[in-house]
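Engineer: Structure provided below as structure tokens; questions to follow.
Just so you know, all these numbers are worked out from the coordinates, no wet-lab data involved. Remember, predicted model here, so these are calculated numbers, not experimental data. With ideal geometry, Cβ positions are generated from the backbone for all residues, glycine too; neighbour counts draw on all protein chains shown.
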Amino acid sequence: MQPSTSLLRDLVRKRDFYAGGLMVLIGLGIALKGSSYRAGTLMHMGPGFLPTALGIILVLLGIGIAATALAPAGPGSDESQSILPEHPQWWAWFCILMSPICFIFFGRYFGMAPATFSCIFIAALGDKGATVKSTVILSTVVTIFGVGLFSYFLQVPMPIFTWRGGL
Amino acid sequence: MISTALTDLWYGFGVALEPHNIMWCFVGVLVGNMVGVLPGMGPLATISILLPLTFGMKPVGAILMLGGVMYGAQYGGAICSILLNLPCHPPHAVTCLDGFPMTKQGRGGVALGLTVFASFVGASWGITEMIFLSPLLVRAALQFGPAEVCSLMLLGLLAGSTLARGSPVKGVAMTVLGLFLGSVGTDLETGSERYTFGMTELDDGIELIALALGLFGIAEFMSSVNQVAPINTKYTHVSLKDMRPTKADMKRAFFPMWRGTIIGSLCSLIPGTGPTIASFVAYATEKKISKHPEKFGTGLIEGVVCPEASTHSSVQGDFIPTMSLGIPGDAVMALLLGALMIQGIVPGPQLISQHPDIFWGLVASFWIGNIMLVLLNVPLISIWVKMLAIPYKFLYPSAMFFVCIGVYAANNDFFQVGEVAVIGLFGYVLLRLGYHPAPILLGFVLGPRFEENFRRAMLIARGDITVFVQRPISAVFVALCVLLIGSQIYFRLKGSKADLEPADENAGLDGRPAGAELAAQQLPATPAE
């Protein structure tokens, strides 16, 4: 086996390498975008000065984090290096992220009660043990309670039911 | 000086005892206590979820309630640790070690009773410290110019990010990211827009609530969903009678309790060392000075009361820099400070003199709230224990609704709801990459003020960056920063950061039982070797 490929394989397995890489990318993005704003002088700083500096620091830190991934793993570091957890929950993650999206959509066009119901319904579907019946019951109960609390008690200005056509 | 402090305190009691304030304080501790018991809901998530409810309230009531949530959650977390071996909240991870064995021996009630008592002692000490130290600190801080404020913030940020859980470099990276996120939006001095990418909704910057709920709400739900083990409620039957400690127990617990209190208050004086570190140091110390250290972990009452007293003493102590200097020590404090800022109150040394009702009312409400908690915890423990049976599959969808509506209610704008989803996804990616998102919040809250003071300092010094080491007070802070980084590197090279990094990653807010076991395995190596 060639040493270079094994080193590469080591790198690919290491979570810190990606962690550092992500920071380098974010830092680069910040610094590049920041340099389009006026930097000014130290005495009269422009809007771009501090963000650009932060971006550069972030790049350096990212390199530092990625560099620790190159160091040979110590005996104590049997920490999982995989980025995905042991049992990836793609469906649950999707449901949790869809929940606010549903809230926006139904809230904008149909009002608070449908938004609440859909938000809870979608999120609850993510659980492995969720059945349609239990999900419907949970969503209904929380919707009644939530609309009561936020609409009547806290006066959040959002109609409970509305119809804005022209989707 | 003592008499002025007492007069101010008297005034504070007047504020805190106003009917609506005492009601909000009660609501806060009750909800905090309740949610603190629930596995998988940390105080950060709880405070961020409740934050939108406080928008319509007066600032005093709002901060009293949020403060109450925070220390209420601390009391609740102990119940979870002792009866279930679940460290719902990192500071209580160490309480599991001796608390759960006591429960198995049928002495869980005694452990709970003494914990409540020890917590009260610890908290009272922390509050006393706050009453007398804060005015002193303020007097010193009022002399600070922008350069001093800047280096002090730098020290706070560095301490908050490097002493927290996980790798220090990653912590600093998160702080820098937070500082950057704080700069998004309209630049205060020049009025130009930064990083808004043409979205007018971002002109006012990223919404604090969206950031907090994304990072500590949605990201946490994503990492806990379908991972939370069903809870073992075998040992959770505790009656009021069981909670009464015997005289011998009281005697044994007395000195450890005070030692814990002192350790906690010392830890709170060092910026960045929050309750988690305090409780682990307390446990390690107690084990070290004990005559029979080998018995720790088998259900010794000392191992329960010492860390608990220390946690509470340090939690109250953490309010000192937050309220008197405007520099929060950890993410929870940053969130509370953010709540004040939303109410239009500028944090900093002038807070106590400009808004004495907030500061002294808060101090007085701590006493009231802690007494309420003692009274609440004793009769209600059996109800809290029943709450533990609420399955996670009902908990997180309901919490998702609170997240959505809370973020919406901040500005009555759906854009922020989208923001929270994006931040949540990003936060989960960060979690999976081994980052702890808490320092982001710290940087985010301090960011705009840091930039403002940095600019002002540079303007006064005519662009001379050496001003930070020329002015003596500022130089001390910079030296402390260097010392902090130096010691981190030194310990890293020596490979013995173990005693500063006790809270295992898994013992986090997610309440997985694995956390307790891991912490239990780790801890024998923890006492300073």
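Engineer: Take the Cα coordinates of chain B, assign each an equal point scatterer, and use the Debye formula without solvent to give log10 I(q)/I(0) at q = 0.06, 0.08 Å⁻¹.
Structural biologist: Reported log10 I(q)/I(0), two decimals: -0.26, -0.47.
Engineer: Rounded to the nearest 0.05, what FRET efficiency do B:Ile289 and B:Leu493 give with R0 = 25 Å and r taken as the Cβ-Cβ distance? Could you check?
Structural biologist: 0.30
Engineer: Once the piece of chain linking B:Ala389 and B:Lys247 is laid out straight, how much longer is it, given 0.36 nm per residue of separation minus the C-alpha distance between them?
Structural biologist: 47.8 nm
Engineer: Still on this structure: Which value in deg cm²/dmol, rounded to the nearest 500, describes the helix-derived mean residue ellipticity at 222 nm for the protein assembly as shown, given -39,500 (n - 2.57) per DSSP H run of n ≥ 4 and division by the residue count?
Structural biologist: Theoretical 222 nm ellipticity from helices: -22500 deg cm²/dmol.
Engineer: Hey, another quick one. Given a Förster distance of 56 angstrom, what is the FRET efficiency for B:Asn411 paired with B:Gln105, based on the Cβ-Cβ distance and rounded to 0.05?
Structural biologist: Step by step, r from the Cβ atoms, then E = 0.60.
Engineer: Continuing with this model, one more query. What percent does the relative contact order of chain B come to when contacts are Cα pairs within less than 8 Å and at least six residues apart?
Structural biologist: Taking the mean separation of contacting Cα pairs over the length of chain B, I get 30 percent.
Engineer: For A:Leu25 and A:Val141, compute 0.36 nm times the residue count separating them, minus their Cα-Cα distance, and round to one decimal in nm.
Structural biologist: 37.3 nm
Engineer: Percent of alpha carbon pairs in the protein assembly as shown separated by more than 40 Å?
Structural biologist: Roughly 28 percent, rounded to a whole number.
Engineer: Please state the shape class of segment B:137-230: rounded when a/c is under 1.5, otherwise prolate if a/b exceeds b/c and oblate if not, all from the C-alpha gyration tensor.
Structural biologist: oblate
Engineer: Rounded to the nearest 10 degrees, what's the angle between the helix B:331-342 long axis and the longest principal axis of chain B, both from Cα atoms, 0 to 90?
Structural biologist: 50
Engineer: If you don't mind, another one. Pop a pseudo-label 7 angstrom from the Cα along the beta-carbon direction at both B:Thr196 and B:Val482 and give the gap in nm to one decimal.
Structural biologist: 4.1
Engineer: Let me ask something else. At a Cα cut-off below 17 Å, give the lysines reachable from B:Lys291, other chains included and same-chain residues fewer than 8 away excluded.
Structural biologist: Cross-link targets: B:Lys251.
Engineer: With axes computed from alpha carbons, what is the tilt in degrees of helix B:2-16 against the longest principal axis of chain B, rounded to the nearest 10 within 0 to 90?
Structural biologist: Long axis of B:2-16 versus the principal axis of chain B: about 80 degrees.
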